[in-house]
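Q: Provided herewith is a single structure, encoded as structure tokens, for subsequent inquiry.
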Amino acid sequence: MHINHENLALAIDHTLLKPEATRAHITELCAQAKQYNFTTICINPFYVQHAYRELSGSTTGVCTVIGFPLGATLSSIKAAEAAQAIRNGASEIDFVINIGALKDGDHKTVEADMFAVVKTVRELAPKTVTKVILETCLLSRYEKIEACKLALNASVDFVKTSTGFSTAGANVEDIKLLKEITGSDVGIKASGGIKDLVTALKMLEAGADRLGTSSGVEIIREAMRNDH
């Protein structure tokens with residue numbers, strides 16, 4: 001698979017979610033995003049307002065994470081967190097599924113949890129993109145399939161593989177499975193462990209529409225060398 005570096009950049013959420021990230025780090029992330037024209041930066045909620053100001057006038061949006069990284073907060077808190085993030089300037093919301101409830105087989109709770117966030121986002125800012133993080137490394141094949149079905153029911157825009165903070169990140173097999181279940185109705189975001197151009201292209205080829213990576217600059221530079 002070959003894709004030019006401009007189109008590849010448009011598939012990337014340029015990510016910095018480390019707890020030790022400072023305001024200066026976020027400022028640098030925004031500068032990189034503007035330079036390479038990444039679709040969004042993906043950051044923790046505390047820095048959304050700062051990033052929104054830094055990215056003013058650019059085409060890069062602000063993506064943030066909700067109920068992160070465990071997904072075990074109450075649905076009402078996730079919804080409130082998402083609402084505040086939107087007020088602060090977020091245009092995309094990545095929120096973590098209630099993993100324990102899914103593993104309990106409590107699908108009603110999982111779907112209600114997703115819907116609480118999606119409903120809040122839709123009412124506040126209908127064009128805001130929602131992505132539900134499944135944390136695929138912790139799920140069985142059956143649980144991945146059920147999670148995708150619940151995501152479809154809750155009308156999320158994307159299903160996302162991973163937080164990047166658990167036992168493993170994205171892999172090609174999971175991307176293919178998620179795509180098989182969701183079809184063209186929902187986008188797929190691959191995240192976790194995407195550190196080079198070869199891996200990025202494999203994920204896109206398998207069916208990913210978006211890539212979450214903290215190695216966006218290195219990947220694009222590698223793609224630029226290949227373009228010439």
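Values in this text are rule-based calculations from the coordinates and carry no lab data. Keep in mind it's a predicted model, so treat the numbers as computed, not measured. Note that each Cβ is placed from the backbone with ideal geometry, even for glycine, and that neighbours are counted across all protein chains shown.
Q: Quick check: Cα centre of the stretch 101-158 to Cα centre of the stretch 165-189, how many Å?
A: The distance from the Cα centre of the stretch 101-158 to that of the stretch 165-189 comes to 13 Å.
Q: Here is a follow-up. What FRET efficiency would be calculated for the residue pair residue 167, residue 106, taking the C-beta separation as r and a Förster radius of 25 Å, to the nearest 0.05? Could the numbers behind the result be given before it?
A: Numbers: r = 22 Å, r/R0 = 0.89.
Working from the Cβ atoms, E equals 0.65.
Q: Along the stretch 190-205, what does the Karplus equation 6.51 cos²θ - 1.76 cosθ + 1.60 (θ = phi - 60°) give for ³J(HN,Hα), rounded to whole Hz, x for Gly and Pro?
A: 8, 8, x, x, 8, 10, 8, 5, 4, 5, 4, 5, 4, 5, 5, 5
Q: Follow-up. Rounded to a whole number of µm²/s, how large is the Stokes-Einstein D of the stretch 98-228 at 37 °C and 0.692 mPa s, given Rh as the Kirkwood radius over C-alpha pairs? Let's see the in-between values first.
A: Details: Rh = 15.3 Å.
The diffusion coefficient I find is 215 µm²/s.
Q: Order by neighbour count: 184, 215, 76, fewest other Cβ atoms within 10 Å first, most last.
A: Fewest-to-most Cβ neighbours within 10 Å comes out as 184, 76, 215.
Q: Based on the Cα coordinates of the stretch 5-227, what is the per residue volume of their convex hull in Å³? Walk me through the numbers on the way to the answer.
A: On the way: hull volume 23.8 nm³, N = 223.
In the stretch 5-227, the Cα hull volume divided by residue count equals 107 Å³.
Q: Separate question: If I take every Cα pair under 8 Å that is 6 or more residues apart in the chain, average their sequence separation and divide by the length, what percent do I get for the relative contact order? Please list the in-between numbers first.
A: Values: 456 pairs, mean separation 43.1, N = 228.
Relative contact order, the chain: 19 percent.
Q: Please compute the net charge surrounding residue 199, taking Lys and Arg as +1 and Asp and Glu as -1 over other residues with Cβ under 12 Å from its Cβ. Each step should come with its number before you reach the end.
A: Working: positive: 195, 202; negative: 196, 205, 218, 222.
That sum, taken over residues with Cβ under 12 Å, equals -2.
Q: Quick one: 3J(HN,Hα) in Hz for the stretch 57-71, Karplus 6.51/-1.76/1.60 with θ = phi - 60°, rounded, Gly and Pro as x.
A: Using θ = phi - 60°, the values come out as x, 9, 8, 7, x, 10, 9, 10, 10, 10, x, 9, x, 9, x Hz.
Q: What spacing in nm lies between the two simple spin-label points modelled at residue 142 and residue 24, each 7 Å away from Cα in the Cβ direction?
A: If labels sit at residue 142 and residue 24, their model points lie 5.2 nm apart.
Q: Rounded to the nearest 500 deg cm²/dmol, what is the calculated helix-only ellipticity per residue at 222 nm for the chain, with -39500 (n - 2.57) per DSSP H run of length n ≥ 4?
A: Values: 10 runs with 108 residues, N = 228.
Counting only the DSSP helices, I get -14500 deg cm²/dmol.
Q: Given axes a ≥ b ≥ c from the Cα gyration tensor, I'd like to know whether the stretch 18-92 is rounded (a/c under 1.5), prolate (a/b larger than b/c) or oblate. Please list the in-between numbers first.
A: Numbers: a/c = 2.30, a/b = 1.73, b/c = 1.33.
It is prolate, given that a/c is not under 1.5 and a/b is the larger ratio.
Q: Can you list the residues of the stretch 98-136 with backbone N under 19 Å from a point 7 Å past the Cα of residue 180, pointing along Cα to Cβ?
A: Hits in the stretch 98-136 for residue 180 at 19 Å: 134-136.
Q: Label-point separation (nm) for residue 149 and residue 4, each offset 7 Å from Cα along Cα-to-Cβ?
A: For residue 149 paired with residue 4, the spin-label model returns 4.3 nm.
Q: Taking θ as phi - 60°, what are the ³J(HN,Hα) couplings along the stretch 167-178 by the Karplus curve (6.51, -1.76, 1.60), each to the nearest whole Hz, with x for Gly and Pro?
A: Karplus-based 3J(HN,Hα) across the stretch 167-178 equals 6, 6, x, 6, 9, 4, 4, 5, 4, 4, 5, 4 Hz.
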